[in-house]
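Heads up, the thing below is written out as structure tokens.
The values are calculated or read from the model by the stated rules, or taken from the named source; none is laboratory data. Note that the coordinates shown come from a computational prediction; the quantities given were computed from them, not determined experimentally. Glycine gets a Cβ as well: all are built from the backbone with ideal geometry, and neighbour counts include every protein chain shown. All accessible areas refer to the heavy atoms of the entire protein, side chains included, with ligands and DNA or RNA removed. Shrake-Rupley method; radii C 1.70, N 1.55, O 1.52, S 1.80 Å.
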Amino acid sequence: MLPLWIALQFLSSLPVRLPGMPEPRQVGRSILFYPLVGLLFGLLLWLASHLLQGTPAPLHAALLLTLWVLLSGALHLDGLADSADAWLGGFGDRERTLQIMKDPRSGPIAVVTLVLVLLLKFCALWVLVERGVGALLVLAPVVGRAAMLGLFLATPYVRKGGLGQALAEHLPRRAAIWVLLASLLACLVLGGWSVAWVLLGAFGVFCWLRRLMCQRLGGSTGDTAGALLELLELTVLLGLALMP
């Protein structure tokens, strides 16, 4: 169970405390539980949506989005902001891009990117709330965290040292493939075949973002993994909101 606790501590703001520093092998195995953490987030959002029934749709959506951000501790939004600043400020240069990502300050590009992503998430949640499709809230957190697993499985990690390198080096690859297949099946069971096109669209965005990372950096970093998660969650929410 230790890898699950590691995943919960890293990906969430839930009060999870580890007894000591985990071994790199356990850190690598923790990424197998990322989709399960996403499922937990989705179920909490679903429960919150149920409890908020009767609340005006805009406020309902805003409260759900607030809970969503609080659950993750804005960790991945920080990665999105750093990646946005670095991608535009790096001017196509690998070393400059990596250097900007390490800068804790946020520029105007980061702020605009965060505002747009959160605005689009809010509007998509508003649409879903009005349709009363609370169960579909589970899909976006699962897909986003499964995408992180897929990224570490299929993409080199370019920063030496730190948690990301342990994840990449000690990830059980065969088990990761089975977890990804199980995540796909779970999404289809929860959403039905009608969400297959949404999942296919999310896969297309994943491939596009991974290609951009490989072209610019030669792989991924923790920040680009966080950005990937946020953009995949947004893709799923928009796809669900646009479904007839």
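Scanning the stretch 187-211 for residues that are part of a helix (DSSP H, G or I) and either over 17 Å from the mean Cα position of the chain (by Cα) or among the basic types (K, R) (or both) yields L188, V189, L190, G191, W193, S194, V195, A196, W197, R210, R211. If you take the residues of the stretch 83-110 that are part of a helix (DSSP H, G or I) and open to solvent by 80 Å² or more (accessible area, probe 1.4 Å), which of them is farthest from Q215 (Cα to Cα)? That would be P108. The single condition among (1) in contact with a Phe, Trp or Tyr (Cβ under 9 Å, 6 or more places away or on another chain); (2) open to solvent by 70 Å² or more (accessible area, probe 1.4 Å) that M21 does not satisfy is (1).
If only residues of the stretch 111-162 that are charged (D, E, K, R) and part of a loop (DSSP other than H, G, I, E, B) are counted, the one that is surrounded by the most Cβ atoms within 10 Å (Cβ to Cβ) is R159. Of all residues in the stretch 30-82, those that are part of a loop (DSSP other than H, G, I, E, B) and of a type outside the set (A, V, I, L, M) total 5.
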